[in-house]
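Chemist: My structure is below; once you've seen it, I'll send some questions.
Here, each number is a calculation from the coordinates, and none is a lab measurement. This one's a predicted model, so the numbers in the text were calculated from it and none came from an experiment. With ideal geometry, Cβ positions are generated from the backbone for all residues, glycine too; neighbour counts draw on all protein chains shown.
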Amino acid sequence: MKREQIPFERFSMEVYSVWADRWLLLTCGDYASGQYNAMTIGWGSIGRMWQKPFVHVVVRPSRYTFEFMNQYDTFTLCVFPPQYQKALQLLGSESGRDSNKIARSGLTPIASRLVAAPSFDEAELIIECRKIYWQDFDPTHFLDPKTEALYPSGDYHRAYFGEIMAIFAADARYAGKSK
Ligand SMILES: Cc1cc2nc3c(=O)[nH]c(=O)nc-3n(C[C@H](O)[C@H](O)[C@H](O)COP(=O)(O)O)c2cc1C
């Protein structure tokens with residue numbers, strides 16, 4: 001898919017519904033060596049931190065992707081057109097530990113422009129990131145008692161901040177333009 005770079009200042013999307021309904025694909029590792037993994041994510045944020053455009057993602061230690069997030073310096077977030085929801089369902093329900101789920105999803109890994117982690121050819125939005133911070137959630141700091149119920153096996157997420165290095169989009173609406 002053809003995509004153009006969008007300056008951070010112009011970047012725009014329906015943030016909540018993309019995270020909640022469209023989902024994103026988090027991919028971490030190194031495209032050149034073939035060492036990478038991807039998983040679907042639905043929790044996170046995009047904004048500004050430490051003077052930089054940034055994203056925040058959360059990964060449970062039980063995920064295979066967790067190993068890549070700790071070992072490698074970069075990751076990407078991809079948003080896909082609705083027809084790829086089935087692929088995202090697969091990448092979000094099976095582990096790369098057990099099979100080559102990326103090949104089975106039918107999505108096509110490609111080299112990113114600025115970072116070692118791959119992107120995907122079918123993506124309508126690609127956000128290339130450099131890891132700048134991580135921290136494990138501390139359940140003693142949960143202020144809403146309902147939050148603990150989301151962790152029945154104590155598999156508390158590790159949060160990662162990524163500095164956004166570049167954003168590429170196929171749709172002008174991501175650059176704040178109406179169609
Ligand atoms: C819609 C959706 C959203 C998800 N969001 C997250 C998330 O934000 N963090 C997380 O750790 N797992 C999340 N998951 C679960 C992982 O994608 C899933 O466990 C995946 O199979 C892990 O793959 P891996 O073992 O290859 O890393 C989500 C799954 C789906 C379907």
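Chemist: Starting from the amide H of TYR36, placed 1.01 Å from N in the peptide plane, find each other amide H under 5 Å away whose residue is 5 or more places distant or on another chain.
Modeler: ASP30
Chemist: At most 13 other Cβ atoms within 10 Å and a DSSP loop assignment: could you name the trypsin sites (Lys or Arg not before Pro) in segment 1-31 that fit?
Modeler: Details: sites: LYS2, ARG3, ARG10, ARG22; in loops: LYS2, ARG3.
Taking segment 1-31 and a limit of 13 other Cβ atoms within 10 Å, the loop trypsin sites (Lys or Arg not before Pro) found are LYS2.
Chemist: Here is the link list: LYS86/LYS146; LYS52/LYS146; LYS2/LYS177; LYS131/LYS177. Which ones come out longer than 26 Å on Cα distance? Present the calculation step by step, with values, prior to reporting the outcome.
Modeler: Values: LYS86/LYS146 30 Å; LYS52/LYS146 32 Å; LYS2/LYS177 17 Å; LYS131/LYS177 29 Å.
Result: LYS86/LYS146; LYS52/LYS146; LYS131/LYS177 exceed 26 Å.
Chemist: Can you tell me the dipole magnitude for the chain around its Cα centre, using point charges on the Cβ only (Lys, Arg +1; Asp, Glu -1), in Debye to the nearest 20?
Modeler: About 420 debye.
Chemist: Quick one: which residues, 5+ away or cross-chain, put their amide H under 5 Å from the amide H of TYR156? H built at 1.01 Å from N.
Modeler: It is none; the list stays empty.
Chemist: Taking Cα pairs under 8 Å and at least six residues apart, what relative contact order does the chain come out at, in percent? Write down the numbers at each step before the final one.
Modeler: On the way: 374 pairs, mean separation 56.0, N = 179.
This gives 31 percent for the chain.
Chemist: Compare ALA38, ALA166, ALA117 in a GNM of the chain, Cα atoms joined below 10 Å, and give the one with the largest fluctuation.
Modeler: ALA166
Chemist: Related question: Along segment 50-63, what does the Karplus equation 6.51 cos²θ - 1.76 cosθ + 1.60 (θ = phi - 60°) give for ³J(HN,Hα), rounded to whole Hz, x for Gly and Pro?
Modeler: Using θ = phi - 60°, the values come out as 6, 6, 10, x, 8, 10, 10, 10, 10, 10, 6, x, 6, 6 Hz.
Chemist: Additional query: Which order do VAL18, VAL55 fall in if you start with the one that has the fewest other Cβ atoms within 10 Å?
Modeler: On the way: VAL18 16, VAL55 21.
Least crowded to most crowded, the residues run VAL18, VAL55.
Chemist: With 10 angstrom as the radius, rank THR76, THR40 by how many other C-beta atoms surround their C-beta, starting from the fewest.
Modeler: On the way: THR76 32, THR40 18.
Arranged by neighbour count, lowest to highest, THR76, THR40 become THR40, THR76.
Chemist: Taking neighbour Cβ counts within 10 Å as the exposure measure, how do HIS56, HIS141 sort from fewest upward? The partial results should precede the final answer.
Modeler: Details: HIS56 15, HIS141 7.
In order of increasing Cβ crowding within 10 Å: HIS141, HIS56.
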